[in-house]
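Participant: The structure is given below, and queries will be raised subsequently.
The values are calculated or read from the model by the stated rules, or taken from the named source; none is laboratory data. Keep in mind that this is a model prediction, so the values were computed, not measured. Ideal geometry is used to build each Cβ from the backbone, glycine not excepted, and the neighbour counts take in all protein chains shown. Side chains are part of the model used for accessible areas, which takes the heavy atoms of the whole protein and leaves out ligands, DNA and RNA. Shrake-Rupley method; radii C 1.70, N 1.55, O 1.52, S 1.80 Å.
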Amino acid sequence: MLYDQALPLILALIAAAAAGLVGAFALMKRTILAGDVMSHIAIPGLGLALLWKINPLFGAGLTLLLGILIIWQLQKKTSLTTEAVIGVIFASSVALGALLINSTEELIDALFGGFGKLSSAEFWFGSLVSLFIIFALWQLRHKLILTLFSPDLAASAKVNVDRVNLWFLLLFGLAILVSLRFLGALLVGSLIIIPAATARQLTHSLNRFLVLSSLLGIVAMVLGYLIASTYSLELGATVVVVATGLFILSLLKPHR
Amino acid sequence: MDKILNVSNLGVTLDGKQVLKNLSFDLERGSTLAIIGPNGSGKTVLLKSLLGILPHSGKTAWAPDARVSYVPQKIDADIHLPMTAKNLISAKADVQNIKDSDVNDIISRLKISSAVLNTPIGHLSGGQFQKALIAFAMVGKPNVILFDEPTASLDQLAEEHVYDLMHELKTKDGISIILVSHELSIVYRYADQVLCLNREGICFGPPEQALTSEMISKLYSPDHALHHHGQHE
């Protein structure tokens with residue numbers, strides 16, 4: 001019994017740490033909008049998985065990968081049409097997903113999280129992917145920092161800006177995928193962005209910002225988990241409300 | 001003399017518009033080449049082509065031992081980034097496997113205080129920020145540095161400081177320099193060669209010979225200015 005409860009919590013913690021770290025870079029890179037769109041692209045994938053009776057995360061992973069490649073291509077161009085296309089993908093994914101998923105209960109799961117019992121294969125997959133995200137971001141951090149500061153300067157320092165951007169989007173997509181079970185497609189973006197926004201309020205130091213963003217993701221997840229299980233609330237919604245509460249508290253910090 | 005860069009028949013087309021065409025010139029090792037031209041004449045585009053950031057036709061051949069760095073005109077980065085000059089310089093040093101001691105040498109040579117190094121970039125003055133960008137460029141021991149209007153947003157004192165430093169890099173370290181500038185006095189003072197640019201090369205040579213008053217009025221003629229008005233580089 002304890003084992004049944006402990007595994008999801010452990011996975012939730014590692015996934016939240018990965019989401020917080022991804023969020024810190026996404027905030028600095030200003031790719032929040034693209035990230036929100038990406039999580040919505042998972043919805044038709046979840047629908048397809050239900051239709052084909054395969055693991056929902058597999059279906060979500062498939063459409064996420066497609067979304068990543070589209071956004072990566074769009075980022076190379078800097079025109080107004082980019083925002084328009086992102087807007088179209090955003091809306092059409094939700095619509096397409098809703099059409100594909102014709103059971104209300106399953107649609108609610110897709111949007112707000114909770115896909116049945118966690119299998120041990122899913123536990124190991126989620127944990128290893130989350131650890132990989134953290135490790136890869138740490139390895140990539142200097143290139144990411146140069147790229148988000150100035151792509152031209154990064155290129156002059158022999159950084160392959162295109163490849164760094166693709167790697168970041170892939171890690172972003174993976175972070176969405178592993179947290180999707182807990183928060184669902186509508187809310188998963190907030191686990192990525194709210195801890196980062198909170199951490200940004202609290203520090204001007206780069207390293208502290210990265211660590212704090214990750215820690216705040218964990219804190220929101222743990223508190224959310226405890227509150228949700230104590231009062232039988234929806235996990236995803238509770239985590240997001242807790243994260244938002246922490247953000248509001250961070251606003252109280254006096255600024256220099 | 002030994003050439004560190006040979007450009008021949010360079011052309012750049014962006015969004016279907018020809019921004020540079022038929023451009024040919026050389027950079028001699030250890031010399032300073034100034035590039036002048038009106039707004040929209042393609043100066044920044046030229047630097048980015050030389051850095052290999054922009055796709056182009058024709059040839060930009062660097063000598064095999066060329067290590068090229070870049071000091072940009074301005075950075076579009078969010079000034080609220082939680083990032084210090086130290087973070088940026090360390091990031092580049094890490095990417096290029098440069099030792100900490102080499103980085104410290106650069107910092108002490110440029111006399112950048114640790115207070116400045118550890119200040120978020122958004123809180124630095126224009127002069128401090130420019131100096132940090134020069135320190136960033138010096139990581140990896142470049143033998144060529146491209147300066148894109150390095151003093152555009154600086155007051156006169158800071159401006160002189162940047163040019164003194166640039167001159168010192170040339171005379172003491174033998175670094176070859178390409179300098180984009182608007183100011184003719186700076187060109188006369190520091191450049192060995194000058195390239196007048198208005199989408200194509202209009203003049204090239206030592207400033208005293210190349211920059212005749214006819215050439216300058218041709219380069220900045222109202223025709224050209226009107227033609228290129230409102231275009232950003």
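Participant: Taking B:LYS74 as the residue in question, decide whether it is open to solvent by 60 Å² or more (accessible area, probe 1.4 Å), without any contact (Cβ under 8 Å) to a residue 60 or more places away in the chain and at the interface with chain A (Cβ under 10 Å from one of its Cβ atoms).
Facilitator: Against the criterion (open to solvent by 60 Å² or more (accessible area, probe 1.4 Å), without any contact (Cβ under 8 Å) to a residue 60 or more places away in the chain and at the interface with chain A (Cβ under 10 Å from one of its Cβ atoms)), B:LYS74 does not qualify.
Participant: Looking for something free of Cβ contacts under 8 Å to residues at least 60 places away in the same chain, at positive phi and not charged (D, E, K, R) - is there at least one such residue anywhere in region A:115-131?
Facilitator: Checked against the condition, which is being free of Cβ contacts under 8 Å to residues at least 60 places away in the same chain, at positive phi and not charged (D, E, K, R), region A:115-131 yields at least one hit.
Participant: Could you tell me whether region A:223-236 includes any residue that is assigned to a helix (DSSP H, G or I), in contact with a helix residue (DSSP H, G or I) (Cβ under 9 Å, 6 or more places away or on another chain) and under 16 Å from A:ALA24 (Cα atoms)?
Facilitator: Checked against the condition, which is being assigned to a helix (DSSP H, G or I), in contact with a helix residue (DSSP H, G or I) (Cβ under 9 Å, 6 or more places away or on another chain) and under 16 Å from A:ALA24 (Cα atoms), region A:223-236 yields no hits at all.
Participant: For region B:150-166, which positions are touching a helix residue (DSSP H, G or I) at 6+ places or on another chain (Cβ under 6 Å) and either open to solvent by 30 Å² or more (accessible area, probe 1.4 Å) or not in a helix (DSSP H, G or I) (or both)?
Facilitator: B:PRO150, B:THR151, B:SER153, B:LEU154
Participant: Among the candidates B:HIS182, B:HIS123, single out the residue that is within 13 Å of chain A (Cβ to nearest Cβ), open to solvent by 40 Å² or more (accessible area, probe 1.4 Å) and either among the charged types (D, E, K, R) or out of contact with any helix residue (DSSP H, G or I) (no Cβ under 9 Å at 6 or more places or on another chain) (or both).
Facilitator: Numbers: B:HIS182 fails: within 13 Å of chain A (Cβ to nearest Cβ).
None of the others qualify; the one that does is B:HIS123.
Participant: Restricting attention to region B:53-64, does a residue exist that is within 9 Å of another protein chain (Cβ to nearest Cβ) and over 14 Å from A:LEU206 (Cβ atoms)?
Facilitator: Within region B:53-64, the subset within 9 Å of another protein chain (Cβ to nearest Cβ) is B:53.
Now narrow it down to the ones that are over 14 Å from A:LEU206 (Cβ atoms): B:53.
Yes, region B:53-64 contains at least one residue that is within 9 Å of another protein chain (Cβ to nearest Cβ) and over 14 Å from A:LEU206 (Cβ atoms).
Participant: Is it the case, given these coordinates, that A:ALA19 is under 27 Å from B:MET83 (Cα atoms), open to solvent by less than 10 Å² (accessible area, probe 1.4 Å), at pLDDT 90 or above and of a type in the set (A, V, I, L, M, F, W, C)? Give the derivation first.
Facilitator: Working: under 27 Å from B:MET83 (Cα atoms): yes; open to solvent by less than 10 Å² (accessible area, probe 1.4 Å): yes; at pLDDT 90 or above: yes; of a type in the set (A, V, I, L, M, F, W, C): yes.
Spelling it out, A:ALA19 is indeed under 27 Å from B:MET83 (Cα atoms), open to solvent by less than 10 Å² (accessible area, probe 1.4 Å), at pLDDT 90 or above and of a type in the set (A, V, I, L, M, F, W, C).
Participant: If I filter region A:131-150 for residues that are of a type in the set (D, E, K, R), surrounded by 15 or more Cβ atoms within 10 Å (Cβ to Cβ), more than 25 Å from A:GLY217 (Cβ to Cβ) and within 14 Å of chain B (Cβ to nearest Cβ), do I get at least one hit?
Facilitator: So the first thing to find is which residues in region A:131-150 are of a type in the set (D, E, K, R), and the list is A:141, A:143.
Now narrow it down to the ones that are surrounded by 15 or more Cβ atoms within 10 Å (Cβ to Cβ): A:141, A:143.
Narrowing further to those that are more than 25 Å from A:GLY217 (Cβ to Cβ): none.
Scanning region A:131-150, I find no residue that is of a type in the set (D, E, K, R), surrounded by 15 or more Cβ atoms within 10 Å (Cβ to Cβ), more than 25 Å from A:GLY217 (Cβ to Cβ) and within 14 Å of chain B (Cβ to nearest Cβ), so the answer is no.
Participant: A further question on this structure: Conditions first: (1) outside any helix (DSSP H, G or I); (2) within 14 Å of another protein chain (Cβ to nearest Cβ). A:ILE54 passes all but one, so which condition is the exception?
Facilitator: Only one criterion is unmet by A:ILE54, namely (2).
Participant: When the residues of region B:167-176 are filtered to those that are part of a helix (DSSP H, G or I) and within 18 Å of B:GLU28 (Cβ to Cβ), which remaining residue is most open to solvent (accessible area, probe 1.4 Å)? Working first, answer last.
Facilitator: Of all residues in region B:167-176, those part of a helix (DSSP H, G or I) come to B:167-173.
Now narrow it down to the ones that are within 18 Å of B:GLU28 (Cβ to Cβ): B:167, B:169-173.
Values: B:HIS167: 66, B:LEU169: 1, B:LYS170: 33, B:THR171: 89, B:LYS172: 153, B:ASP173: 71 Å².
Ranking the qualifying residues of region B:167-176, first place goes to B:LYS172.
Participant: Would you mention how many residues in region B:80-98 are more than 7 Å from chain A (Cβ to nearest Cβ), under 18 Å from A:VAL159 (Cα atoms) and outside any helix (DSSP H, G or I)?
Facilitator: 2
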